[in-house]
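Working notes, structure below.
Any read-out appearing in this document is the output of simple, stated calculations on the displayed coordinates, not a laboratory observation. Quick caveat, the model's predicted, so the values are computed rather than measured. Glycine also receives a Cβ, built like all others from the backbone with ideal geometry; neighbour counts cover every protein chain displayed.
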Amino acid sequence: MIYQSISNRQISQLLNEIANLLEVQGANPHRIRAYRRAAGTVLQREGLLSDIVARGDGVALESIPGIGEGLSRTIEEYVKTGKSQLLQRLMGEVTPEEVFEQVPGIGPELAQRIVVELGLRTLEDLEQAAHDGRLKQVGGFGKKRVEAIQTSLAGMLSGYARRSAMRAIPAESRPVFRPALDLLLAVDSAYRQKAEAGELKKIAPKRFNPKNETWLPIYHIDMDEWAFTALFSNTARAHQLHKTNDWVVIFYEKDGREDQATVVTETSGPLVGKRVVRGREEECKRFYESHLGKYFPVVSLTRVPTQL
């Protein structure tokens, strides 16, 4: 659904709020300035940006000076859903379940099934699962519901048919969008060490935090043209398994595209005790073998809550 009542001032306020949080949390100054410049640009424009989004004219949105692909995606999401996952993440409020509940036809119970049974975390992941048959294997997702979700996601994600074109490419031929393994492990190691040393800003997540305690460390760093944000997992599953001081979610962004990875301490098998990127276990095994298992040790963390 398009929220055409959203004004340029509201969009500008959103971008400024993101910039403020990035600044408080120690993000790259260039990234902070980009959001502030965009906020000023949006505020000074005469025509409504929400009208551009409603027309599906992503090229026009991206061509606005200081906007570009990444910021245009943030604006488009806000106009279409009334929310910003980036803002929610910086405030410690977003979970994968809440992301999926934005899609018409997916309530809390179905969202939880998607996360638990398929391990999905982003709308892009969900879109792929809806087209490759995995979503149909989850209880409650019949043919009509899956087709409706495909249609909804096409509108939510494909402002100018980028992903439609991508789906036409065989999965094995699609360009891989993810940082090198050693980068993710380095970010994970730095985050845990800085969190242990008390060097990071902390936020008070809404979920599983009845006392509204400021306990969740958040870390921003730019490496090799990637922008990373790392924080401990605050999902229901992490709390249930007492892994809120072990599972690290790393969001990464480059050239306007964004995705995420989760790094955990392996509890069984040949990699037991090692930090492993979920979904890249075989690559991790080769990595540790080539480095004699000396890099990125487990850091002992004790200052964050581990129970509901």
Checklist entry - Charges only on Cβ, +1 for Lys and Arg, -1 for Asp and Glu: so what's the dipole of region 8-90 about the Cα centre, in debye to the nearest 20? => result 200 debye
Item to check | FRET efficiency, 1/(1 + (r/R0)^6) with R0 25 Å, evaluated for GLU199 and ARG45 via beta carbons | outcome: 0.05
Item to check | Mean projected area (nm²) of the alpha-carbon convex hull when region 8-90 is viewed from all directions | outcome: 4.8 nm²
Checklist entry - Within straight cross-link reach of LYS201, meaning Cα distance under 12 Å, which aspartates and glutamates are found once same-chain residues fewer than 8 apart are removed? => result GLU23
Next on the checklist: Below 16 Å, Cα to Cα, which aspartates and glutamates can LYS254 reach? Residues fewer than 8 away in the same chain don't count.
Outcome noted: GLU62, GLU69, GLU124, ASP222, ASP224, GLU225
Item to check | For a label point 7 Å along the Cα-to-beta-carbon line of SER63, residues of region 26-41 with backbone N under 20 Å | outcome: 38, 41
Item to check | Length-normalised contact order of region 181-290 in % [C-alpha pairs under 8 Å, at least 6 apart] | outcome: 19 percent
Checklist outcome for this item: Phi-derived 3J(HN,Hα) across region 17-26 with the Karplus relation (6.51, -1.76, 1.60, θ = phi - 60°), rounded Hz, x for Gly and Pro, is 5, 4, 4, 4, 5, 4, 5, 4, 8, x
Checklist entry - Once both labels are modelled 7 Å past Cα along the beta-carbon direction, what's the GLU117-ARG178 spacing in nm? => result 2.3 nm
Next on the checklist: Above 24 Å lies some portion of the pair distances; for region 181-290, what is it as a whole percent of all C-alpha pairs?
Outcome noted: 26 percent
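Beta carbons within 10 angstrom, averaged per residue: use that to sort the peptides 31-40, 272-281, highest first.
Put in order of decreasing packing, that is 31-40, 272-281.
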Item to check | GLN260 long-range amide H proximity, modeled H, under 5 Å | outcome: TYR252
